[in-house]
Amino acid sequence: MNLKKIITTLSFLLLLSCGYEPIYSEKKINKNYNFSINTIDFIGDNKVNRILKNKLKKYLNKNKKSTELNLNLKLNSGVEKTITSKDKKGNPIGFSINMIINLAVFENEILKGKTNFEKSFEYNNKSNKFDLKQYEKNIKDNLISELSNKIIKYLHSLK
């Protein structure tokens, strides 16, 4: 019994001191990005734009190096909520939220890249309308987070 405790303790200590770091850790990913955002022009849905601005804020005017890309972004965002299914009485049963972000990237007033990011999510109606609004808010926040990560990866891929 004592031998099992000693082996468990030693293996635990060895694993702690091995320098393990996750491949996709936030610190490692941010260190490898070689771009800086000078300005961001937003068009479209104000709520989406506000959250996107907060997500991209850490890349806004960061320490500029000569090897770094200094980018200007133009973002056009939109959210569409549609009814996907109805019951026999005509009441909605299912909804779909589709979020679209059009991105144009400029470096020194020259178009560096242009792309669209789109993400959608389907969900069922709820009897409590307050819960439904909160659920929709969480869905939108999650979609914006996913799309902002895709935008950052896209900006990193520009050379």
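Does the range 115-159 hold any residues that are of a type in the set (A, V, I, L, M) and under 17 Å from Phe35 (Cβ atoms), and which are they?
Answer for the range 115-159, where residues must be of a type in the set (A, V, I, L, M) and under 17 Å from Phe35 (Cβ atoms): Ile151, Ile152, Leu155, Leu158.
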- Query: Yes or no: Ile151 part of a helix (DSSP H, G or I) and at pLDDT below 95?
  - Reply: yes
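For every residue, the table says whether it meets (1) in contact with a Lys or Arg (Cβ under 6 Å, 6 or more places away or on another chain); (2) farther than 25 Å from Asn54 by Cβ; (3) of a type in the set (Gly, Ala, Ser).
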{"position": "Lys86", "(1), (2), (3)": "no, yes, no"}
{"position": "Ser96", "(1), (2), (3)": "no, yes, yes"}
{"position": "Ile101", "(1), (2), (3)": "no, no, no"}
{"position": "Val105", "(1), (2), (3)": "yes, no, no"}
{"position": "Asn138", "(1), (2), (3)": "no, no, no"}
So the strands (runs of 3 or more DSSP E) completely within the range 1-116 holding 3 or more residues that are modelled with pLDDT of 85 or more, of a type outside the set (Phe, Trp, Tyr) and over 23 Å from Lys153 (Cβ atoms) are 69-86, 92-107
Among residues of the range 86-101 being surrounded by 15 or more Cβ atoms within 10 Å (Cβ to Cβ) and of a type in the set (Val, Ile, Thr), the residue farthest from the chain's Cα centre (by Cα) is Ile97
Flagged in the range 117-141 as in a helix (DSSP H, G or I), surrounded by 13 or more Cβ atoms within 10 Å (Cβ to Cβ), without any contact (Cβ under 8 Å) to a residue 24 or more places away in the chain and not hydroxyl-bearing (Ser, Thr, Tyr), in numbering order, are Leu132
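The values are calculated or read from the model by the stated rules, or taken from the named source; none is laboratory data. Because the structure is predicted, anything quoted here is derived from the model rather than measured. Quick reminder, even Gly has a Cβ in these numbers, built from the backbone with ideal geometry, and neighbours come from all protein chains shown.
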